[in-house]
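Novice: A single structure is presented below for examination.
Each value in this text was obtained by applying a stated rule to the coordinates, not by laboratory testing. As the structure is a computational prediction, the values presented were derived from the model and not from experiment. So basically every Cβ, Gly included, is an ideal-geometry build from the backbone, and we count neighbours across all protein chains shown.
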Amino acid sequence: MRVEEAILPGVGRKYTITVQSGDRIVIVVHHSGKRELQYFEAGGEGDEPAMALDLTDEEARELGAILAGVLFHPEAVGDTQSKLGQKVIEWIKVLPGSKLAGRRVGDLHLPPGAHLLAVDRPGAPLIPNPSPDTLLETGDTLVVAGSREAVEALKRTL
């Protein structure tokens, strides 16, 4: 897979992703948060995409969470499993009285190698890739990934 990035002055950024088959996905991320996705088949005629889709910022983040395996993590096989052997995904619940309740994501100070993928809030849509301003609430579940050591260190500090 090859990824090319281009700055679009006054618009945002454009990412062109070419996969092994030669198919391309072009993603334009606007400063407003809007995302444009365009699909070009390998060997396709002309400059017109075979498919185009506009996404809101929220839709794009949820799609990203799905692609990253936050909502469903398929069983790894073969070489992939060995690469994931030292990586973990943990779900950390914000319990009543927790020092996490009322804190912003940006104030968590995650250890190197630990990444907050999402916040699952009861009765609300999943918050994938939460912004630093996201306020944590009692009952939230943090979806954290990273090296086993980093995630364990995070759990100890929380």
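Novice: In nm, to one decimal, how far is the residue 45 label point from the residue 66 one, both placed 7 Å along Cα→Cβ?
Specialist: The modelled label-to-label distance comes out at 3.1 nm.
Novice: Here is a further query. Number of Lys pairs in the chain with C-alpha atoms less than 23 angstrom apart, excluding same-chain neighbours closer than eight positions?
Specialist: Details: 14/34; 83/155; 87/155; 93/155; 99/155.
Close lysine pairs found across the chain: 5.
Novice: Please report 7, 25 as a ranked list, fewest other C-beta atoms within 10 angstrom at the top and most at the bottom.
Specialist: Values: 7 9, 25 16.
Lowest to highest Cβ neighbour count: 7, 25.
Novice: Here is a further query. Which of 107, 120, 57, 47 comes first, and how do the rest follow, when ranked by fewest Cβ neighbours within 10 Å? Show your work: numbers first, answer last.
Specialist: Values: 107 9, 120 18, 57 14, 47 6.
In increasing order of surrounding Cβ atoms, one gets 47, 107, 57, 120.
Novice: Moving on to the next point. Run the simple label-point estimate for residue 6 and residue 32 please: 7 Å along Cα→C-beta, distance reported in nm.
Specialist: 2.1 nm
Novice: Let me ask something additional. Need the full-extension length gain, residue 53 to residue 110, defined as separation in residues times 0.36 nm minus the C-alpha distance. One decimal, nm. Provide the component values of the computation, followed by the final result.
Specialist: Numbers: separation 57, 0.36 × 57 = 20.52 nm, distance 3.42 nm.
Roughly 17.1 nm would be gained on extension.
Novice: Under the rule of -39500 (n - 2.57) per DSSP H run of 4 or more residues, summed and divided by the residues of the chain, what mean residue ellipticity at 222 nm is obtained, to the nearest 500 deg cm²/dmol? Don't skip to the end; give the middle numbers.
Specialist: Values: 3 runs with 29 residues, N = 158.
Result for the chain, helices only: -5500 deg cm²/dmol.
Novice: Convex hull volume of the Cα atoms in the chain, per residue, in Å³?
Specialist: 149 Å³
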